[in-house]
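I have placed the structure first, in the form of structure tokens, so that the comments after it can refer back to it.
The values are calculated or read from the model by the stated rules, or taken from the named source; none is laboratory data. Here the structure is a predicted model, which means the values were calculated and not measured. A quick note on method: Cβ atoms are made from the backbone with ideal geometry, for glycine too, and the neighbour counts reach across all protein chains shown. Quick note on the areas: whole protein, heavy atoms, side chains included, nothing else; ligands and nucleic acids left out. Shrake-Rupley method; radii C 1.70, N 1.55, O 1.52, S 1.80 Å.
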Amino acid sequence: MTPPDDIGAGGRRPARAPGARRLTRHRLFWPATFLASLLLGNVAFTHDFFAVRVQNGHLYGSLIDILQFGAPLILVSLGMTLVIATRGIDLSVGSTVAIAGALACEHIATAKDPGSLPTVLSAITLAVGVAAAIGLLNGLLVARLYVQPIVATLVLMVAGRGVAQLITDGQIISVSSSAYKMIGGGYWLTLPFAVLLAAALVAVTSFVTRRTALGMLIESVGGNPVASRLVGVRAAGLLVMVYVVSAVCAAVAGLMISSNVSSADGNNAGLWIELDAILAVVIGGTALTGGRFSVGGTVLGALIIQTLSTTIYTLGVPPETTLVFKALVVMAVCLVQSPAFRARLSRRRRPAASAPAVGDAGVRQQEVHP
Amino acid sequence: MAAPPGPRTPTRTDQPVLQARGIRKAFPGVLALDGVGLRLFPGEVHALMGENGAGKSTLIKVLTGVHPPDEGSVSVDGSLQRFAEPLEAQHAGISTVYQEVNLCPNLSVAENLLVGREPRRLGLIHWSALYARAARLITELELDLDVRLPLSAYSLAVQQLVAIARAVDLEAKVLILDEPTSSLDRDEVAQLFSLVRRLRDRGVAILFVTHFLDQVFDLCDRVTVLRGGRLEGEYRIDELTPVTLVHRMVGSELRTLDELAETSRTASAAPVPAETPFLSARGLARSGAVQPYDLDIHRGEVIGLAGLLGSGRTEAARLLFGADHADAGGLRINGERTDLRSPRAAIARRIAFCSENRKAEGLIAELTVRENIVLALQAARGWARPLSRARQDEIAARWTEVLDIRPADPEAQVRNLSGGNQQKVLLARWLLTDPELLILDEPTRGIDIGAKTEIQKLVTRLASEGTAVVFISAEIEEVLRLSHRVGVLRDHRLVATLLNDPPLTPDRILGTIATGATS
């Protein structure tokens, strides 16, 4: 099991003030620092990067854009965080994004009155309901049939895109519904509605996981499934729940994406978003091996990824190299987060310091009960 | 007490094929081996015996090049060796088969036998030669296997035989078998033994590590006994009886403890056998784990379970908690028939179980002390009925104080605590659920004497307050000090349930373990 990043490299004792050390050991320190430096770096290229202006009662600016375009990723990552905390993974979220968008747009496009609120509400209910069923299926495969999460959700990752295309007949469905447009493209209280929606869901999730015992029990199941069973934790119910939450979050993200462009594209909506989401979770400090999770860290992680995408566009990086650029930056983030890498760096800087023991792996297995 | 090897007459006059002298090996905080020696002669089966922690595994790891010794020497055929890694030991003719089969079940028997040294032609694997060579090896060892079938097509015992065949084909002069029989049934053991005897007759020296006494007397020619990291002695098997062997393993100082046991007994008077026992097991069993056994546990009673490691102590206890599901027999709790399908069902019946394996089965390492303590109670309540943070803090603070958990910081990660304090956290977790039956599996293992005494006192107090306790420990004195009755296990069978009044002696328990008889 990898130690969470706030532990740092155990016995290392650099000469830092205790306050500073506590700060750097906070689990959100590295993601927050990285996001801040990424944002500041942008100012060097775009002087009015931090400028936010009001126009027609709406806020505009690069920061607002990052929040708005990042909202779907934040939602998908939110659900993914809970799944990963249980030692699972949900690869089907990208397909769920596509299915939800396709269902909603198809429903609205074929309705008599596409602009009316009841039509949009029933479209939303339909999309979220079907997503919940997808999550239920994933959860039951994992919790009841003991299929490995990566395999269980791979099924729908692949097949789900087909389902989405089936719903849209392989076409891109355009809708013109001002009520539907609100979800991903509208404004409320000067802010993009999508940002408010994402913020609300993040707040609800944080509240529910930390104010009830849900968070602790999820961490317990992910941290040590055997011990959790012996303590009487009902893991199956928790597992099903996190996969349902993940799918519902993906559905809301799907509604946002399709609403923003007023169309559903079964092929490309949410393509590879599951990988960005996993990355956001990991950058946020939740280990893929399960256990402790951090919703705040995940939000920071998702914002880092979105800021990176925005930066690439504003920098004018040639399109054919954008992915390489992104890969390099992500690798840097992951290295900075890795306690082993940091330990190695500081060892190189202070060659006199004795290297931490490279742990004779066999020693742990000894019968050492004197 | 550590007699040097040498003065005893070896059974054979020739030179030892493997000889270790004055081996010393320390790990941080533990002196695992201190001046240990071992001699292996060609064509003998030699048992390496000792209690848990006596240093058997470390000695094997030194002999096979996994750990270099701090002091001492290992020689093969009279020439001094310094193994830097296991491969060098293999080249010197020392092969090892470990308890868990280290083979690939999805590959064929032939591939498993020859992986890493496949016959090649033009750089590609020469399949027909591979199968032919594997088949020849199998016939030589008088086994009957289809080498083309995947290994998983065969039982665990046969897989063990394949592992041995693989080891022997490495031109082994010395074959080390580390508890090869712990997961085999009787017929499978017989199969394995006949292979071992054939190898012995060909002049291979076999070092056999086991916890089963019968097997030692059945198979082995000589015995080396380790105790607490020191050499206790080297014996011919016909010099020993099961009882004397157990004494050598456990330590002769036990004899003098007879009177001490009486005076230091802290157990309260046995409770008056109540109307109905809290829990009553009849013919409870699980195949491969524990033979059918009967046990009644009354309120306020401490039942000790004694037996060597691997005798089925833990397995028997797990059935009482639903950690494993019994496949035969029945349980009554308060006189009412019950089937414990899961730990959750047992917890609902107010049964608690502290596993012997704190790390793997007890603690959630990355959670805090507070979270680990409230976990069982919270799990029973379900996630929607959370204990408030204030309540959790109060519980954690109270139990940290009551059990003197250190550091007294409920927000410390439990993984950073010492073994004794981790054990106290687990005790707090279960005491919080106010159990009627508390099952403690090796609660004092690997913890310091202070914490140990506190836990023993706690057991006594709980029993006097009416809690039923099942206390499992490898330390017989400890079991006798605390228990009203003692169940003795041997070879996965509960061979006797003895009343500890008048007080039993450790000798009596050891005798029961050794002979399996009730008197």
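Of note:
- Dipole size of the stretch B:132-251 about its Cα centre, with +1 on Lys/Arg Cβ and -1 on Asp/Glu Cβ: approximately 360 debye, rounded to the nearest 20.
- Stretchable slack from B:ALA129 to B:ASN106, in nm (0.36 nm times residue separation minus alpha-carbon distance): 6.2 nm
- Listed residues A:VAL226, A:LEU91, A:GLN171: farthest to the positive end of the dipole of the stretch A:24-347 (Cβ charges): A:VAL226
- Around B:ALA129: net Lys/Arg minus Asp/Glu count, Cβ-Cβ under 9 Å: +2
- Farthest toward positive dipole pole in the stretch B:103-169 [+1 Lys/Arg, -1 Asp/Glu at C-beta], among B:LEU143, B:VAL162, B:TYR131: B:TYR131
- Seen from B:TRP383, the other residues with C-beta closer than 13 Å to its C-beta sum to a net charge of +4, counting Lys and Arg as +1 and Asp and Glu as -1.
- Helices in chain A that qualify as membrane-span-like (whole DSSP H runs, Cα extent of at least 24 Å along the helix axis, mean Kyte-Doolittle hydropathy of -0.5 or higher) are A:29-45, A:62-85, A:93-110, A:117-143, A:149-167, A:193-211, A:235-261, A:295-315.
- With a cut-off of 15 Å between beta carbons, the residues surrounding B:ILE364 carry a summed charge of +3, where Lys and Arg count +1 and Asp and Glu -1.
- Cα-centre dipole for the stretch B:367-508 with unit charges at Cβ (Lys and Arg positive, Asp and Glu negative), debye to 20: 320 debye
- Förster-model FRET efficiency, 41 Å R0, B:LEU156 and B:ALA348, C-beta, rounded to 0.05: 0.70
- The mean number of Cβ atoms from other chains found within 10 Å of a Cβ in peptide A:283-294 is 1, as a whole number.
- Across the stretch B:358-434, C-alpha contacts under 8 Å between residues 6 or more apart give a mean separation that, scaled by the residue count, equals a relative contact order of 46 percent.
- Peptide ranges A:335-347, B:281-293 listed from the most packed, as the mean C-beta count within 10 angstrom indicates: B:281-293, A:335-347
- Given R0 = 22 Å, the distance between the Cβ atoms of B:THR241 and B:THR453 translates into a calculated FRET efficiency of 0.05.
- Between A and B, roughly 3300 Å² of accessible area is buried in total, ligands, DNA and RNA not counted and the probe set to 1.4 Å.
- Net charge dipole size for chain B [Lys, Arg +1 and Asp, Glu -1 on Cβ; Debye, nearest 20]: 720 debye
- Paramagnetic label zone (point 7 Å from Cα along Cα-to-C-beta, A:THR322; backbone N under 11 Å) in the stretch A:171-208: none
- Cα gyration tensor shape of the stretch A:24-347, rounded if a/c is under 1.5, else prolate or oblate by comparing a/b with b/c: oblate
- From its DSSP helices (H runs of at least four residues, each -39,500 (n - 2.57)), the protein assembly as shown gives a residue-normalised ellipticity at 222 nm of -15000 deg cm²/dmol.
- Between the residues A:VAL295, A:PRO114, A:ALA280, the greatest Cα displacement towards the positive end of the dipole of the stretch A:24-347, with unit charges on the Cβ of Lys, Arg, Asp and Glu, is found for A:VAL295.
- Inter-centroid distance (Cα atoms) of the stretch A:112-129 relative to the stretch B:428-472, Å: 60 Å
- Applying a threshold of 25 Å to the alpha-carbon distances of B:LYS359/B:LYS424; B:LYS56/B:LYS173; B:LYS25/B:LYS452; B:LYS61/B:LYS173; B:LYS359/B:LYS452 flags B:LYS25/B:LYS452 as lying beyond it.
- Distance between modelled label sites at A:ALA36 and B:ALA390, nm, 7 Å Cα→Cβ extension: 3.5 nm
- With both labels modelled 7 Å from their Cα along Cα-to-Cβ, the A:VAL261 to B:GLU401 distance reads 6.3 nm.
- Counted residue by residue at 0.36 nm each, then reduced by the alpha carbon distance between them, the extension gain from B:SER287 to B:GLN99 reaches 65.7 nm.
- The B:GLU88 and A:ARG22 beta-carbon pair, evaluated with R₀ = 51 Å, returns a calculated FRET efficiency of approximately 0.60.
- The stretch B:88-124 and the stretch A:189-260: distance between their alpha carbon centers, rounded to Å: 47 Å
- Cα centroid separation, the stretch B:173-235 to the stretch A:294-319 (Å): 62 Å
- Other-chain or far-sequence residues with amide H under 5 Å of B:ILE176's (modelled H): B:SER95, B:THR96, B:VAL97, B:LEU207
- Once the Cα-Cα distance is subtracted from the 0.36 nm per residue extended length, the A:TYR146 to A:LEU166 segment shows a gain of 4.3 nm.
- Approximating the spin labels as points 7 Å out from Cα along Cα→Cβ, the A:TRP272-to-A:VAL336 distance works out to 2.2 nm.
- Per-residue average of Cβ from other chains inside 10 Å of B:374-385: 6
- Whether the protein assembly as shown is rounded, prolate or oblate, judged on the alpha carbon gyration tensor where a/c under 1.5 counts as rounded: prolate
- When each of the peptides A:97-108, B:221-232 is scored by the mean number of other C-beta atoms lying within 10 Å of its residues, the order from highest to lowest reads A:97-108, B:221-232.
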